[in-house]
Every structure is written in structure tokens, then in C-alpha cells.
Amino acid sequence: MIWIGFGFLMTFLKRYGQSAVGLTFLVGAILVQVALICDGMTQVKFGSKAYLSLESLLNADVAVATPLISMGAILGKVTYMQLVFMGIVELIMFTINKYIGEHLFMAVDAGGSMFVHVFGAYFGLAISFVFGMKERPKENELEGASYQSDIFAMIGTVFLWLFWPSFNSAGLTGDDQQRAIINTLLSISASCVTTFAVSAWVSKDNKFNMVHVQNSTLAGGVAIGTAAGMPIDEG
């Protein structure tokens, strides 16, 4: 989900497809080790040893999604060293933010909608603002998508779509995990169907817009992430 899903989703830029996949591979491999250290530091904070386990690997894998989300806002503007540096700083801030949210505010965020997706989105926007132009930005010929880039980007979308129930439920157990899988599957299915319907409605000649499909079909997984393990009914 992290390497193929995020990597190919970033190929929407027609001139940065290889960079998107390659940099996701490199940055992800480096930052998953940094995330393990950050997760271990929180364990040491509580007075226990930082053991390597499947749980710590899972937490590190989920944490890596945060800088990869931010990467989408600055792809094509930065070098790989800048991406690595940004990722290290972001993971440190992510760990602090998650610690405050979970232990001080007692926030529940099973699927990481707040701590991963929202944090990564706003962090990426902030970095993009720093690198952005002072004058009014103009369209660049290197931006935009092509027929081939849209096809490759759909590979990432499909991978993310398929694995989102496991992403939201991996950190839970028992009935909470079961509810998370069911709620997430229903949520992403609804967002997929709604996206196709709305895309055809608002687009020219009632045709599906690939940009809508690539991104909005995943919105349900993000939206349900925080409450995925909770009983959800009409009341």
C-alpha cells in the first residue's frame, strides 16, 4: 500500500512519473527506519525498552504515509535530499503531535485520519507555500497529466482502495477490528460510486474525469478512519 499505492498515485504528473515511483521507493525505505526510532523513543519515554515487533513495524509503516502524503504537494519542486530531510523533520513532528493527541487529549484515531492524513496534508501545504512563487503562479508545461500517466496513477488508486480496510483496522483487535473492516469497505464503496456519479454530472459531455476518480474514490477511507472501529448507526 505504501510503496505501490502512494508511488503510482504520484505518477499523475506526466513528466515526473519515474521520479514519483523512484523517490517513493527511496524515501519510504529510509523513513520507515526513522519512524521505528521515533516510535521507540516514545516507548523509552514511558520507561520501557523499545522492542522491535510487528506492532512497531506496523506503526512505522503507517507513520511513513504522512511524509508521502506531503510529498504530493511538492513533487517536482524539490530534490531527493530535501525530501528525505523533510520526511525526517515531519516524522519527529508527527510523533510529538500523535503523542499529544493520544495521551493528553485522549483522541481516538484508529485509521490515522487526523494524525496521518490531515497532518500530512497541511504539512505538505506549508512546505509548498515556503517553496512557492511570490507572484501569481502560472501554468507550467511540465504540469498536468497524459493518457499514460493517468493509467499508471490508477494503479496506485486501486491498490490504495483495496488495502484501505486493512490500513484502518490493522491496529485494532476483536470486534473493533471487524467493525473497522466493514465500515471502511462500505465507506470506500460509497465514495467510489458517488465519485463516478458526480464526476459524470459535473464534467463536460457527461464523461468521467480521471482526476476525480484517482482521488475522490479514496475519500471514504480517509473520512471513516477516525471512527472506523466504532459502532456506526443511523442514530
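Overview of results
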read-out: Electrostatic dipole magnitude of region 2-224 [Cβ: Lys, Arg +1; Asp, Glu -1; Cα centre; debye, to 20]; value: 400
read-out: Residue order, fewest to most surrounding Cβ atoms within 10 angstrom, among H212, H117, H103; value: H103, H212, H117
read-out: Over region 1-49: Rg over Rh, Cα atoms, Kirkwood Rh; value: 1.24
read-out: Theoretical FRET efficiency, 1/(1+(r/R0)^6), r = Cβ-Cβ of I232 and K45, R0 30 Å, to 0.05; value: 0.35
read-out: Whole-angstrom gap from region 1-68 to region 184-215, using each part's C-alpha centre; value: 29
read-out: Nitroxide proxy distance, nm - points 7 Å out along Cα→Cβ at M93 and Q178; value: 4.1
read-out: Computed FRET value (nearest 0.05) for W201 with A126, which takes r as the C-beta separation and R₀ as 35 Å; value: 0.55
read-out: Ranked list, fewest to most other Cβ atoms within 10 Å of each Cβ, for W164, W201, W3; value: W201, W3, W164
read-out: Packing-based exposure ordering (other Cβ within 10 Å, fewest first) of I74, I155, I127; value: I155, I74, I127
read-out: Whole-Å semi-axes of the ellipsoid equivalent to region 1-132 (Cα gyration tensor, √5λ, descending); value: 26, 16, 13
read-out: Modelled FRET efficiency - R0 25 Å, L186 with V158, Cβ distances, 0.05 increments; value: 0.90
read-out: Enclosed volume per residue, in Å³, of the convex hull spanned by Cα atoms of the chain; value: 147
read-out: Long-range lysine pairs (8 or more apart or interchain), region 2-224, Cα under 19 Å; value: 5
read-out: Estimated 222 nm signal from helices in the chain, with DSSP H stretches of n ≥ 4 weighted -39500 (n - 2.57), rounded to 500; value: -21500 deg cm²/dmol
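Every number here is computed from the coordinates shown, using simple stated rules; none is lab data. Here the structure is a predicted model, which is why all the values come from computation and not from measurement. Methodologically, a virtual Cβ is constructed for each residue, glycine included, from the backbone with ideal geometry; neighbour enumeration extends over all protein chains shown.
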